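Notes for the one structure printed next.
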Amino acid sequence: MAYELTVEDLRDLATGAAVLGTGGGGDPLVGRLLVQQALATGHRVRVLEVDELDDDAVVVASAMMGAPTVVLEKLPRGDEGVRALRGLEEQLGRRADAVIPMECGGLNSMVPLLVAALTGLPVVDGDGMGRAFPELQMETFGVYGVSASPLAMADEHGHLAVVDTGTDNAATEWFARGLTIRMGGASYIAEYPMSGADVKRTAIAGTLRLGMLIGRTLREAATGHADPFDALTRALRATPYQHGRVLFRGKVADVERRITDGFTAGRAVLADVEGGADMEVVFRNENVLATVAGEVVAIVPDLICLLDSETGMPVTTDAVRYGMRVTAYGISTPAIMRTPEALAVFGPRCFGLDHDWVPLEQLAPV
C-alpha cells in the first residue's frame, strides 16, 4: 500500500542504504539533508509499491553517477536530478508518471526521493541493483531487457547532456562515464525509461522498506544496548535477502585508495585482533571481494559491508581509515540477482576478479 515518507523513515533509510551500499554508492548524508529540507518546506514523498503501478505508466530511474568521494567535495545544487528528468522527458516526448531508484545503496537511495519531492511524482519502492554497483549496465532492469538509454545527465553548473546508444547498455555506461568525468567526477542522471509492466518484471521490489528495516534494526539495537549484528541477522531472515553473516572482526591495518576512470578503487586490510590471519577487502566504489588467508569468504554480487564493531554503523570505502575497529558483515542477494543472466552482467568476472560466484551461505555457513 502507498505511504508517505516521514523524517524518521528517512533517517532509518539513510542508515540502511549505507549498509546496502556495501561501502559505495556515496554517503547518504548530503542527500538525506536535501530531502529533509524539502520535507520541512512542505514537499512530500509518496512511495508506491511495485504492484500498485499501472502497466502503462512511464517510470524513470534516477541517480547520481560518479566517484563517491567526489560528492563530499562537490556538493550538489539540489535540482540536478529534476533537470535530468526533464531533459529525458523532452527526449521521450512524454512526462514520467513515477521515478524509481537506480540502486538502493548509499546516496542513490536519496536522489530519487529528492526528485519525487520536488516534482510531486511518486517514487517506486524497488530498484535495479538491490545494493550498489559501480556501472550503469549492472542493473536487473538491463539484465531482463530494458534499455538504459536514452539517458539524460545534468551537473551543478546547469549543463545537460543526452546519451542515446539504443539497446547497448554497456555503451551507455561508457559514454556517460566520460561525460561525468568532464562534469567534475559526479553527475545526476535519469535513465532506464520503462513501463510499469517492465518494473514489475525486472525490479527488485521492496528495497526502500528493506533499507528502513535495516536502519531501524540498528537504531533499536543501539538504544536497547543489544548486539547489532545478531539483531541484523534476525531481521534479514524475513526478507528476500535472508542470510546475514559476521565474516570477520578486526582493526583496519592498511588502506589503499585511488580514483581512476571515475571510480574509487583499492583495498583494505583488516588485522585479526586475536592474531589470526588478516582479511583483505577489495573495492571498486563498492566492496566486491573478501578473502582470509587467500580464501574467498564473500564475493559480489553478495553484499560485503564494513560496519563499526561497536555500533553496527556502516563505514564507506572513502571513510575507512587506519586503526578503525570494524566488522565485515555479509548479506546474501535475492534470487533475481543470482540467475546466469544476472551474473553475466554483475558477477565476479565483470569486476576483473578471477573467481566464480559461490553463494554467501555456502562460503560462510552458520
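Derivation of every value follows stated rules applied to the coordinates shown; laboratory data play no part. The model shown is predicted, which means the values in this text are computed figures rather than measured ones. Methodologically, a virtual Cβ is constructed for each residue, glycine included, from the backbone with ideal geometry; neighbour enumeration extends over all protein chains shown.
Taken about its Cα centre, the stretch 138-250 carries a charge dipole of roughly 600 debye when the Cβ of each Lys and Arg holds +1 and the Cβ of each Asp and Glu holds -1. Considering only Cα atoms, the convex hull volume of the chain works out to 122 Å³ per residue.
Packing, taken as the mean count of other beta carbons within 10 Å per residue, orders the peptides 317-329, 102-114 from highest to lowest as 102-114, 317-329. Kindly provide log₁₀ I(q)/I(0) values, in the same order as q = 0.18, 0.20 Å⁻¹, from the Debye equation applied to equal alpha-carbon scatterers of the stretch 43-168. Cα-only, vacuum Debye calculation for the stretch 43-168: -1.01, -1.29.
For the chain, the residue among Val297, Gly312, Ala342 whose Cα projects farthest onto the positive side of the dipole built from Cβ charges is Gly312.
Rounded to the nearest 20 Debye, what is the dipole magnitude of the stretch 13-154 about its Cα centre when Lys and Arg each give +1 and Asp and Glu each give -1 at the C-beta? Mind showing how you got there, number by number?
Values: 10 positive and 18 negative charges, 119 e Å.
I would put it at about 580 debye.
Between the stretch 291-347 and the stretch 95-110, the alpha-carbon centres lie 22 Å apart. Between 0 and 90 degrees, the angle of helix 28-40 with respect to the longest Cα principal axis of the chain falls at about 50 degrees. Simple point charges give the picture: +1 on the Cβ of Lys and Arg, -1 on the Cβ of Asp and Glu, and for the stretch 235-315 a dipole about the Cα centre of about 220 debye. Take every DSSP beta bridge whose two residues both sit in the chain; close to 90 percent of them are antiparallel. Between the helical axis of 7-20 and the longest alpha-carbon principal axis of the chain there is an angle of about 60 degrees. Less than 5 angstrom separates the built amide H of Arg131 from those of Cys104, Gly105, all sequence-distant by 5 or more or on a different chain.
Rg and Dmax, both from the Cα atoms of the stretch 227-363 and both in Å, are 14.5, 41.
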